[in-house]
1. Of the residues Gly256, Gly233, Gly244, which single one is touching a Lys or Arg at 6+ places or on another chain (Cβ under 6 Å) and over 21 Å from Ala300 (Cβ atoms)?
2. Out of curiosity, is Lys230 more than 29 Å from Glu152 (Cβ to Cβ) and more than 14 Å from the chain's Cα centre (by Cα)?
3. Can you pull out every residue in the stretch 65-76 that is under 25 Å from the mean Cα position of the chain (by Cα), closer than 11 Å to His113 by Cα and among the aliphatic types (A, V, I, L, M)?
4. State all residues of the stretch 65-93 that are touching a helix residue (DSSP H, G or I) at 6+ places or on another chain (Cβ under 8 Å), within 30 Å of Thr281 (Cβ to Cβ) and either open to solvent by 10 Å² or more (accessible area, probe 1.4 Å) or assigned to a helix (DSSP H, G or I) (or both); if no residue qualifies, say none.
5. Please enumerate the residues belonging to the stretch 233-280 that are within 19 Å of the chain's Cα centre (by Cα) and polar (S, T, N, Q).
6. Quick check on the stretch 303-311. Is at least one of its residues among the acidic types (Asp, Glu), surrounded by fewer than 23 Cβ atoms within 10 Å (Cβ to Cβ) and modelled with pLDDT of 95 or more?
7. Filter the strands (runs of 3 or more DSSP E) completely within the stretch 165-273 down to those with at least 3 residues that are in contact with a strand residue (DSSP E or B) (Cβ under 7 Å, 6 or more places away or on another chain) and either buried (at least 19 other Cβ atoms within 10 Å of the Cβ) or among the acidic types (Asp, Glu) (or both).
8. Look at the stretch 19-43 and say how many of its residues are closer than 30 Å to Leu104 by Cβ, surrounded by 14 or more Cβ atoms within 10 Å (Cβ to Cβ) and touching a helix residue (DSSP H, G or I) at 6+ places or on another chain (Cβ under 9 Å).
Amino acid sequence: MDRSKIQFDFMVNRTEQGHYDDEIRAMGGKIYPMPAIRPGNYNRYFKALDSFFSQNREYRVVHSHINENSGFVLRAAKRAGIPCRIAHSHLSDLGIDLKLPFRLYARYSMKGHPTHYFACSKKAGQWLFGNKVEEQHGITVLNNAVHVPDFEFNEQVRNEVRDEIGAGGRTVIGHVGRFNKQKNHTFLIDIFQEIHRKNPDTLLLLVGEGQLKAEIEAKVSKLGLSGNVKFLGVRSDITRLLQGIDLFLFPSLFEGLPVVLVEAQAAGLNCIVSDTITTETDVTGRLHFVSLKDSAEQWANVVCGMSHEHADTSELLRSNGYDADSMADWLTSYYFGQMKMNT
């Protein structure tokens, strides 16, 4: 986007340093830490929101990406008279845990506060907003686009990456995602154990951090797979890493439309993914869906039977609306169109 015309500031719900904070500030953005959103802390959080928006009335657009909790933010923005308030859905399920009643309450509390409804997929939009909102207001699907040229296959880069990770002649299977319940790392390791039994010349790359990382590291060690599983942490060079990978494995319990699968497709990889992920994600024909009801061995059979070829998918991504340059132009026009309507 043209930052002489649009400036993004960020409201976050953590006090610790974020991975993109330095980049945001270098681009002129401000970061506003807010109290955590959790049961027992709602009153403090709501007061902080009201105080913020009452003191910062210069914002014309609030674009909220915190799923069911977006209603809380947009309610405060509405009270402050901010004209364009976008709720953006990035998930298609919540899963069942002790927080579920509070999250359902948050979803119910959204009613009447957004002026516009965005989602990363039709499934994500219908889950968060429901059919009634779709009928009355419409839900805009904003594709999780990528900068397509960054993913163009390069043999030299591939060789460099494989040297760096010590791949040798092994088949490299990749996964990118936070170590949390949603990403289903425990089952992913079960799958890889079966893959490794069938083909010992395999290497698994796990990119990301999260609260369950230590637990997964312990499981890998217990299974005797430490020499064949690499934990790479958070990386800023995903485009490079994907060049060195042969296959992408993604058995998530639920997703909206994961951008990393768009990136993996942009790199031309075959991706073996859970059938809980919407088929809208398959924009290149490179996604292969497997049921989470199937065994780890059945998943391994699919992986082991898959081609390692990197296909050129650039035109498919562009024609299906997953080019970031085009999407940035569209969103810029959308923001300015809403501001003109409300002046």
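The values are calculated or read from the model by the stated rules, or taken from the named source; none is laboratory data. Note that the structure is predicted; figures quoted are calculated from it, not measured. Don't worry about glycine lacking a Cβ; one is built from the backbone with ideal geometry, like all the others, and counts go over all protein chains shown. Keep in mind that these areas ignore ligands, DNA and RNA; they rest on the heavy atoms of the full protein, side chains included. Shrake-Rupley method; radii C 1.70, N 1.55, O 1.52, S 1.80 Å.
1. Answer to the selection: Gly244.
2. So Lys230 does not fit the description; no.
3. Result: Val73, Leu74.
4. Selection gives Ile66, Asn67, Glu68, Asn69, Gly71, Phe72, Val73, Arg85, His90, Leu91, Ser92, Asp93.
5. Of everything in the stretch 233-280, those that are within 19 Å of the chain's Cα centre (by Cα) and polar (S, T, N, Q) turn out to be Ser236, Thr239, Ser252, Gln265, Asn270, Ser274, Thr276, Thr278, Thr279.
6. Of all residues in the stretch 303-311, those among the acidic types (Asp, Glu) come to 309.
Then keep just the ones that are surrounded by fewer than 23 Cβ atoms within 10 Å (Cβ to Cβ); that gives 309.
Retained after the next criterion (residues that are modelled with pLDDT of 95 or more): none.
No; the residues of the stretch 303-311 include none that is among the acidic types (Asp, Glu), surrounded by fewer than 23 Cβ atoms within 10 Å (Cβ to Cβ) and modelled with pLDDT of 95 or more.
7. Where strands (runs of 3 or more DSSP E) fall fully within the stretch 165-273 and carry at least 3 residues being in contact with a strand residue (DSSP E or B) (Cβ under 7 Å, 6 or more places away or on another chain) and either buried (at least 19 other Cβ atoms within 10 Å of the Cβ) or among the acidic types (Asp, Glu) (or both), they are 171-176, 202-207, 247-250.
8. The number of residues fulfilling the criteria is 5.
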